[in-house]
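Here's the structure, in structure tokens; my notes come after.
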Amino acid sequence: MKYLYPFIIILLFSFFAKAQDECGTNRAEAIQRILASKSLIQKHPDGFPEDERYVPIKFHLVADSEGQQRVTEHKVFEALCRVNQEFANTGFTFYIKDGFDYMDNSAVFDYNHTSALTTNSCRQAFDSTAVNIFIVHDILNPTGSSGIIYSHPDDWLIMKNSSYFAPLSRTSHGLGHFFSLMNTTSDHIEIDTSSTCAQNCENVADFICDTPPDYNVLGPLGADDCTYTGTDQDSCGTPIHPMTNNAMGYWMCPLFAFTPEQSMVMQADYAKPSRAYLQSNYIPNTTPINQAPTLISPANSTTLSSNYVTLDWNDVPNASTYFLEVSRHSNFSQLTQTFITTQSEYVLALPEPNKNYFWRVTPFNDGYTCSDSLTSMKWTFITGPLALSEIDEISDWSIQPNPITSTVRLTLNVNRPINLNLDILSANGQLLYTEKHRLAANQQQIELANKQLKSGLYFLKITSKAGVEIRRFVVK
């Protein structure tokens, strides 16, 4: 047993040392930030005018450079649902800004805040109009041992996907730090330092007066649930009664909350000129969704005539957006393509003919993601042979060059005159541009200007009375 004592001492020291750090932010800097927020509160004794603050979040889902071990979108939906429940009485609602950012970058995947490569990669992906949350595999420095880092100089949050501390369930904790709150477990550091044990909550610990003392600095090692059964006392001998469900503590509760004063501090931080980039007139769709999609076509277990497919499902009441998954695996664990679309259908060109695929759909709104449990049934289909063309009037067609830099150029071998619609679709299936053409028989070329397309993946769809054809192209 005596050999265990040094380990315990080292473990305790590491946790107490971590407590001097506010989840990646130096404690002195954290104190400056919360004091600045409290100073702003004093200048606004009647509070801040907004009834509700709609805050955009850009989630960066980070995989290694091979695209492996990325957090699933379903986990993010669950985390954001929980965040909005925990912030329900604070005057904040958070929403997903423009879908997800998918990063395949090993330097960020195992995050090291001392690495210039890691930092520069995050800066390149940084969205200057949102709260940026990078969800990574691991954090390679001691300040990330809890699974959450708020990097004050960079103004982004790093959250660890796999940790005993389940940090995705603690997203509210990270957002609290983002809006200048400190850990309630700071109360073990400086509570009641005056000789008379007078109330000094304005100047010590977490600098918040309506958060009671909380000595649970060991987090999940010190408390395995949300119930406090201890007999701790402050330095004056008064029993303490910690708020175990406070979002800025280290307890393991089903749901967390903030106190009124914590809410006021966050509102003050949001009102700072430095946070103006978060403020806009956009109001997200927060309407609850209560129904799962019903898949329509192709019918379950259908064998297609080609490797092209239009996936169709019913419109879900109150849903403005859908998350589509297509996978070679029935549990969607690997080889899965994901798409976000505002339409209740999606046209897809699959790379492999004669293969079995599974698909399902989840409805959501940018400000309401608690519908993750309303995923549709899982259906399957088998792709047919790789087809050059399904339109009889066209024997073959191609996009050249591909990738493109300025102009989309089509070359078509036309057997007989035909009327065509040409559509450019985003990777999420959104229609970006359309035009009509009447083509005579023979080889034909059509040029479409870039239309200011950003770098990325797109689809070109040609439609006639005889059918539909789709090709992928990439803009450099």
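Just so you know, all these numbers are worked out from the coordinates, no wet-lab data involved. Only a predicted model underlies this, so the values are computations on that prediction, with no experimental measurement involved. Ideal geometry is used to build each Cβ from the backbone, glycine not excepted, and the neighbour counts take in all protein chains shown.
Tabulated values for the structure
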{"quantity": "Cα-derived Rg to Rh of the chain, Kirkwood definition", "calculated": "1.06"}
{"quantity": "Area projected by the alpha carbon convex hull of the stretch 394-475, averaged over all directions, nm²", "calculated": "4.8 nm²"}
{"quantity": "Qualifying lysines (Cα of each under 30 Å from Cα of LYS378; at least 8 residues distant if same chain)", "calculated": "LYS58, LYS75, LYS97, LYS160, LYS355, LYS461"}
{"quantity": "Highest-first arrangement of 150-157, 113-120, where packing means the average Cβ count within 10 Å", "calculated": "150-157, 113-120"}
{"quantity": "The stretch 295-382: relative contact order as a whole-number percent, Cα under 8 Å and 6+ apart", "calculated": "36 percent"}
{"quantity": "Span per principal axis, largest first, for the Cα atoms of the stretch 235-388 (Å)", "calculated": "79, 38, 27"}
{"quantity": "Positive minus negative residues near LEU324 (Lys, Arg vs Asp, Glu; Cβ under 10 Å)", "calculated": "-1"}
{"quantity": "Computed lengthening from GLN42 to GLU29, 0.36 nm per intervening residue step minus Cα-Cα distance", "calculated": "2.7 nm"}
{"quantity": "Summed side-chain charge close to THR336 - residues other than THR336 whose Cβ falls under 13 Å, Lys, Arg +1, Asp, Glu -1", "calculated": "+2"}
{"quantity": "Difference of contour (0.36 nm per residue) and Cα-Cα distance, VAL204 to ALA88", "calculated": "39.0 nm"}
{"quantity": "Cut-off 13 Å between beta-carbons: net charge of the residues surrounding HIS60, Lys and Arg +1, Asp and Glu -1", "calculated": "-2"}
{"quantity": "Potential extension, GLN445-SER128 segment - 0.36 nm per residue separation minus Cα distance", "calculated": "110.0 nm"}
{"quantity": "FRET E, pair TYR433, CYS236, Förster distance 51 Å, beta-carbon r, rounded to 0.05", "calculated": "0.10"}
{"quantity": "Within the chain, percent of DSSP bridges classed antiparallel, to nearest 5", "calculated": "75 percent"}
{"quantity": "Scattering curve values for the stretch 295-382, log₁₀ I(q)/I(0), Debye with Cα scatterers, q = 0.16, 0.20, 0.24 Å⁻¹", "calculated": "-0.60, -0.91, -1.27"}
{"quantity": "Burial ordering of MET377, MET266, MET252, MET159, fewest other beta-carbon atoms within 10 Å first", "calculated": "MET377, MET252, MET266, MET159"}
{"quantity": "Sorted by Cβ neighbour density within 10 Å, fewest at the top, the residues ASP269, ASP214", "calculated": "ASP269, ASP214"}
{"quantity": "Hydrodynamic radius of the stretch 323-476 per Kirkwood, over alpha carbon pairs, in Å", "calculated": "17.2 Å"}
{"quantity": "For the chain: relative contact order, % (alpha-carbon pairs under 8 angstrom, 6 or more apart)", "calculated": "11 percent"}
